[in-house]
1. Take the alpha-carbon centre of region 45-64, take the same for region 421-436, and report the distance between them in whole Å.
2. Which whole-number percent is the relative contact order of region 248-290 (Cα, under 8 Å, 6+ apart)?
3. Would you kindly work out the equivalent ellipsoid of region 352-430 from its C-alpha gyration tensor and give its semi-axes, the square roots of five times the eigenvalues, largest first in whole Å?
4. Output the direction-averaged projected area (hull surface divided by four) of the convex hull of the alpha-carbon atoms of region 236-310, in nm².
5. Give me the number: length gained by fully extending residue 305 to residue 224, i.e. 0.36 nm times residue separation minus the C-alpha to C-alpha distance, one decimal in nm.
6. Give me the Kirkwood hydrodynamic radius of region 390-453, using the inverse of the mean 1/r over all pairs of distinct Cα atoms, in Å to one decimal.
7. Based on DSSP H runs of at least 4 residues, each adding -39500 (n - 2.57), what is the mean residue ellipticity at 222 nm of the chain after dividing by all its residues, to the nearest 500 deg cm²/dmol?
8. Cα axis of helix 85-105 to longest principal axis of the chain: angle in degrees, 0 to 90, nearest 10?
């Protein structure tokens with residue numbers, strides 16, 4: 001086993017900020033928030049997604065819903081009097097703050113206009129601003145990954161309150177979406193393993209483990225407080241079942257078993273579609289005739305277990321394919337033609353906002369995301385290739401440990417996210433696009449750092 005190197009970090013003492021720089025930081029930070037809120041400002045209303053209504057109704061109905069966090073729904077609910085703008089502004093401000101901390105962790109701190117330029121370029125070249133402007137918790141995925149990186153590898157660059165704030169960001173991400181729990185826990189685990197087999201910085205686990213535990217506690221306690229149910233957000237088995245429908249494994253199993261009075265789904269075998277979304281969300285689906293996530297969840301779990309026993313190789317092949325497809329499926333999505341579920345929910349529960357919702361550009365016609373992806377897809381692909389090459393040739397490039405650790409964290413996060421979303425749901429552009437923006441961000445930081453003098457001195461070679 002190769003020797004493990006512990007990253008050497010230089011503690012950052014509190015800086016004495018001159019009044020002029022204070023004003024520069026205030027202006028730059030306001031500019032970052034404005035840039036990240038720009039899609040919502042352009043729209044005339046925070047961007048909605050078909051899932052937005054499912055989140056909002058959790059605290060209203062006081063019940064858990066399939067794949068819809070009650071905690072994030074509560075954040076939406078308390079912002080209704082202000083037309084949801086506090087959510088967008090908070091998401092934008094948190095994003096700007098984490099970007100600033102990441103810059104400082106790579107010895108690029110103390111440059112307010114560089115931070116503003118980084119956010120502006122990310123807003124133009126990636127889907128970052130769109131994620132921040134949406135009323136869904138997608139923006140917390142990249143923020144959680146950067147927070148884990150900072151707590152694991154750059155702890156000495158953080159003040160105590162910043163460490164606590166990053167733990168809170170991760171906890172909120174986990175409580176807002178169950179996929180974030182899987183991402184955070186798996187990412188910490190693979191980073192720990194990577195440090196054992198390569199000469200990489202050894203991640204510090206105290207704060208990262210505390211953050212994951214805090215997220216679990218917040219998810220359970222918020223579900224209990226809002227819906228009087230001390231359990232996680234339901235629906236995991238049904239999402240996986242949907243992917244097995246799409247892969248044809250369910251059809252193969254039903255061909256072998258039906259007719260069978262023990263399987264209620266046999267009565268609907270001719271009504272089963274060949275796409276996961278059509279099974280889960282299509283109108284008048286067999287899934288809902290069978291009782292939805294509550295009524296069909298038990299049978300779905302039984303079928304999943306039985307298919308694993310009968311067709312293990314088919315499961316492995318389908319899972320590997322789904323992971324690979326999800327890894328390279330990352331176009332920015334802008335929902336405008338299929339927001340009827342969210343619009344209907346807003347009309348029923350927030351009628352005072354309906355006129356503003358319908359006047360927004362998003363509801364005025366189809367918005368074509370193609371121009372965005374002419375830029376976003378190649379930028380993301382170049383970002384992945386760039387940080388992969390930088391990590392592979394880190395010795396030749398004399399890449400400092402903290403920079404190499406960032407590359408590794410982003411690459412592993414993308415792989416873990418592709419596995420979780422591709423296998424346990426099914427490949428969807430949005431699932432990877434909300435995270436892939438970290439690749440060009442990391443690559444840009446490496447390039448800027450290499451071309452600017454490092455005020456703290458060159459860090460030790462990693463390899």
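1. 21
2. Relative CO of region 248-290 lands at 29 percent.
3. Those come to 37, 17, 13 Å.
4. Taking a quarter of the hull surface, the average projection is 4.3 nm².
5. 26.2 nm
6. 12.9
7. Using -39500 (n - 2.57) per qualifying helix, the result is -21500 deg cm²/dmol.
8. Between helix and principal axis, roughly 40 degrees.
Quick note: the coordinates plus some simple rules give every number you see, no bench work behind them. The structure displayed is predicted, hence computed values, not measured ones. Every residue, glycine among them, receives a Cβ derived from its backbone with ideal geometry; neighbour counts consider all protein chains shown.
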